[in-house]
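Colleague: For reference, the structure I am asking about is given below.
The values are calculated or read from the model by the stated rules, or taken from the named source; none is laboratory data. These numbers come from a predicted model, not from an experiment. Using ideal geometry, Cβ is built from the backbone for each residue, glycine included, and neighbour counts are taken over all protein chains shown.
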Amino acid sequence: MAKASAVRNLTVAQLEKLLATKKNQLGDLVAKRVKLQSDLENLNREITNLGGESEVDHPRRGRPKGTVSKKLARRGRRAKNAMSLAKYVEQELNVAKKGLTVDELGVKVQEAGYKSKSEKFRNVLYQCLFHGEQFQKDDATGRWVLAQK
């Protein structure tokens, strides 16, 4: 393309001619693309007719089925629990009417059967307490209790 200073010096007729040239080039490229796509479709049809698999029909993206990612294999599968962490916490706080600290609650919940592979389970538990509307912290004792309804 011409430089900006050169374009400023062109007449309207010259600009129209330049624009027409660009449109012709674009039209030629689009026609070439259509022809190549048609040729590719014909090749894929021939491959399929001969019993082969077409790349268009079976794109190879991502990990093959049945394989496990390195990250998942390293840390293992996710722990599955019968109930959510919030339900376990609610059960334990129903029993302890005076409330429990985060550390006490962590021990009680895991004794009740909650499984977690988290290295920082205390943080996971705190997030559950903080975001759970059914829990509130007693500022006087620093313990977590069930919220009054």
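Colleague: Against the conditions (1) among the polar types (S, T, N, Q); (2) touching a helix residue (DSSP H, G or I) at 6+ places or on another chain (Cβ under 7 Å); (3) over 21 Å from ASN81 (Cα atoms), where does THR141 fall short? Just the number, please.
Modeller: (2)
Colleague: Going by what's in this entry, would GLU104 be described as of a type in the set (D, E, K, R), assigned by TED's automatic domain parsing to the domain that holds GLN136, farther than 23 Å from ASP138 by Cα and at pLDDT 75 or above?
Modeller: Here the answer is no, as GLU104 does not meet what is asked.
Colleague: Let me ask another. Report, ordered by the first and then the second residue, all pairs with beta carbons closer than 7 Å, sequence separation of six or more or different chains, a first member in segment 86-107 that is closer than 11 Å to LEU146 by Cβ, and a second member that is among the acidic types (Asp, Glu) and loosely packed, with under 13 Cβ neighbours inside 10 Å.
Modeller: Correct list of pairs: GLY99/ASP138.
Colleague: Limited to segment 113-134, what total is found for residues that are more than 26 Å from the chain's Cα centre (by Cα) and either closer than 11 Å to LEU85 by Cβ or polar (S, T, N, Q) (or both)? Reasoning before the result, please.
Modeller: Filtering segment 113-134 for residues more than 26 Å from the chain's Cα centre (by Cα) gives 113-114, 133-134.
Filter once more, so that each one left must be either closer than 11 Å to LEU85 by Cβ or polar (S, T, N, Q) (or both): 114, 134.
So the answer is 2.
Colleague: Let me ask something additional. Please find, within segment 56-92, the residue that is modelled with the lowest pLDDT out of those that are under 17 Å from VAL124 (Cα atoms) and in a loop (DSSP other than H, G, I, E, B).
Modeller: ARG78
Colleague: Being over 26 Å from the mean Cα position of the chain (by Cα), surrounded by 10 or more Cβ atoms within 10 Å (Cβ to Cβ) and at pLDDT below 75 narrows it down to one of GLU46, GLU53, so name that one.
Modeller: GLU53
Colleague: For segment 119-146, name all the residues that are part of a loop (DSSP other than H, G, I, E, B) and surrounded by 11 or more Cβ atoms within 10 Å (Cβ to Cβ).
Modeller: GLY132, GLN134, THR141
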